[in-house]
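For reference, the structure is listed below as structure tokens.
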Amino acid sequence: MKKLCFSVILTLVLTLFSCSIDDQENFQFVALPIVSVDMPESFVLNETYEIDVTYDRTSTCAFFEGFEVVKDTDSIRNVVVAASLLTSSDNDCKKVSEEVETSFNFIVLYDSTYLFKFYTGTDENGENQYLEIEVPVTE
């Protein structure tokens, strides 16, 4: 009975004093264009490599969230810089072109040549553009 009473009181307290959350999101996820990539000339199977990436921060309200590395096939990787972009009207966002350097670790699991497709933005027709880099795996 004590446990039941405590649970009811706890639920009541949490309900009365909890924060209200606005139903509208004040951000969205966007892909930021990659400007350059520093890759090794070759990989060794089962080794881990730090891949250096420079991307363009396009707004003062865009914040780096990480990389989205999508495995297309065993040896093809699509790489995107993921950012959150504040969208609420009370933000004083400005367009900028600020190059930012960061990196991610990549583990070589397959012995075939890897093809990396780094998202670089869109062209005048709205088509996605990629920087494609092939890296062979040596023994």
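The values are calculated or read from the model by the stated rules, or taken from the named source; none is laboratory data. Quantities reported herein were computed from a predicted structural model and do not represent experimental measurements. Don't worry about glycine lacking a Cβ; one is built from the backbone with ideal geometry, like all the others, and counts go over all protein chains shown. Ligands, DNA and RNA are stripped out before the accessible areas are found, and what is left, the full protein with its side chains, is counted by its heavy atoms. Shrake-Rupley method; radii C 1.70, N 1.55, O 1.52, S 1.80 Å.
Brief remarks on what is shown
Yes/no matrix, rows are residues, columns are (1) hydroxyl-bearing (Ser, Thr, Tyr); (2) part of a loop (DSSP other than H, G, I, E, B):
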residue	(1), (2)
97	yes, no
100	no, no
104	no, no
117	no, no
124	no, yes
132	no, no
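- Filter result for residue 98 (open to solvent by 50 Å² or more (accessible area, probe 1.4 Å), within 18 Å of the chain's Cα centre (by Cα) and among the charged types (D, E, K, R)): yes
- Hits in the stretch 73-95 (condition: assigned to a strand (DSSP E or B), open to solvent by 50 Å² or more (accessible area, probe 1.4 Å) and touching a residue at least 24 places away in the same chain (Cβ under 8 Å)): 86, 95
- Scanning the stretch 39-54 for residues that are within 25 Å of residue 98 (Cα to Cα) and open to solvent by 70 Å² or more (accessible area, probe 1.4 Å) yields one hit, 50.
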